[in-house]
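Colleague: Got a structure for you, written out below as structure tokens; questions coming shortly.
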Amino acid sequence: MGTSDPSSHQRGILLMLLSVVFFAANVLVLRAVSLHTPAADGFVATAFRGGVGLLIVGIGYRGRGFNPVNVLCRPMVLGRGAVGAVGILLFYVTISKLGVGRAVILNLTYPMFGAVMAAFWLKERLSWVQLGWMGAALAGLAVFFGETAFQGSFTRYEVLGLLGAVVAGIAVVIIRMLRHSEHASMVFGSQCLWSLAAALPFCHGQLGDLPWVVVAGLVLAAVFVGVAQIAMTHGFGLLSVATGSSIQMILPVMTALGGIALFGEHLSLIEVIGGVVTLGATWLAVRPAAAR
């Protein structure tokens, strides 16, 4: 729930910006880890995120909103955790295969999918203007993919990236459904539990062979994303969903610049144009109604 108090609004913006910084740091650390040790793939990263996240909520929120028993007994909380785990897994797989710039651009189309699904499931208002901007965002995606698609290099990882965005949109809708009945730590804890459970069967043979520096990097990345998630959750308590989502659109810019600076990644001009159109149109679709 947003607030009209100016000081609370400013605090919410600062928290949301803080979450963007830590989300970007998480993605860049994971990219560095995957380049150093390819065995530290999306499954391994997801397992670490789940395990470290459970420690964070268990230590920081036990007795203050987090109840491990309720995580397993409430169907909607369980559903949110399962959907979130799938989305995280798809996102982390695409980071290692597509690079941080392309992976984050694809993932950050989730507000567009979430808004459409919320209109159907939650009967939230979706204007023709918003639908028009969402159409422009899809056109931007067509431009973004056009170069690789026509060269025959469009891969299943681009499809997984878009699927991950759709799943993230579903997760946002479920969060909106739970926002009045569950503490944020319960929702986050369920996501962590499912992430750990979903990833472990695919990476148990790899965990014992990881160098200590890679383990340290994975733990650091998991702490970063835990801080980001908590900051974002508190930020959404002070800002409207539209305002908070608009601020999150900064994330692709930060990660793309980080990928170029740290890893020598490259986006062609046509990909830059398509990405800018998609992200700009998505931002225009989800920004607060008063600003339109």
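The values are calculated or read from the model by the stated rules, or taken from the named source; none is laboratory data. This is a predicted model, so every value here is computed, not measured. We place every Cβ from the backbone using ideal geometry, glycine too, and count neighbours over all the protein chains shown. Surface accessibility is based on the protein's heavy atoms, side chains included, excluding ligands, DNA and RNA. Shrake-Rupley method; radii C 1.70, N 1.55, O 1.52, S 1.80 Å.
Colleague: Divide the volume of the convex hull of the Cα atoms of the range 89-138 by its number of residues and quote the answer in cubic angstrom per residue.
Modeller: On the way: hull volume 3.7 nm³, N = 50.
Normalising the Cα hull of the range 89-138 by residue number yields 74 Å³.
Colleague: What base-10 log of the normalised intensity I(q)/I(0) is obtained for the chain from the Debye formula, alpha carbons as equal point scatterers, at q = 0.11, 0.12, 0.14, 0.16 Å⁻¹?
Modeller: Per q value, in the given order, log10 I(q)/I(0) is -0.63, -0.75, -1.05, -1.38.
Colleague: Using a simple spin-label model with points 7 Å from Cα along the Cα→Cβ vector, what separation in nm is obtained for Val272 and Ser8?
Modeller: It is 4.2 nm.
Colleague: If you take the square roots of the eigenvalues of the alpha-carbon gyration tensor of the range 168-292 and sort them as a ≥ b ≥ c, do you get rounded (a/c under 1.5), prolate (a/b over b/c) or oblate? Please list the in-between numbers first.
Modeller: Working: a/c = 2.27, a/b = 1.16, b/c = 1.96.
Oblate is the answer for the range 168-292, as a/c is 1.5 or above yet b/c matches or exceeds a/b.
Colleague: 222 nm [θ] for the chain, helices only, -39500 (n - 2.57) per DSSP H run of 4+, per residue, to 500?
Modeller: Details: 13 runs with 236 residues, N = 292.
Helix-only estimate at 222 nm: -27500 deg cm²/dmol.
Colleague: With a 1.4 Å probe and every protein chain kept in, tell me what percent of the accessible surface of the range 24-95 is carbon plus sulfur.
Modeller: Values: 2010 of 2830 Å².
Of all accessible area on the range 24-95, carbon and sulfur atoms account for 71 percent.
Colleague: Suppose all protein chains stay in the model; what accessible area per residue would a 1.4 Å probe give for the chain, in Å²?
Modeller: Working: 13270 Å² over 292 residues.
Using a 1.4 Å probe on heavy atoms only, each residue of the chain averages 45 Å².
Colleague: Using only alpha carbon pairs under 8 Å that are at least six residues apart, calculate the relative contact order of the chain and give it in whole percent. It would help to have the intermediate numbers written out before the result.
Modeller: Details: 439 pairs, mean separation 127.4, N = 292.
Relative contact order for the chain comes out at 44 percent.
Colleague: Also, quick follow-up: What does the C-alpha gyration tensor say about the overall shape of the range 1-91? Classify as rounded when a/c is under 1.5, otherwise prolate if a/b is larger than b/c, or oblate.
Modeller: On the way: a/c = 2.13, a/b = 1.20, b/c = 1.77.
Oblate.
Colleague: Relative to the present Cα-Cα distance, how much length would full extension add between Ala197 and Phe263 at 0.36 nm per residue of separation?
Modeller: Numbers: separation 66, 0.36 × 66 = 23.76 nm, distance 3.12 nm.
Taking Ala197 through Phe263 to full extension adds about 20.6 nm, to one decimal.
Colleague: Oh, and also: Each label point is 7 Å from the Cα along the Cα-to-Cβ direction; what then is the distance between the points at Val213 and Thr155, in nm?
Modeller: 2.5
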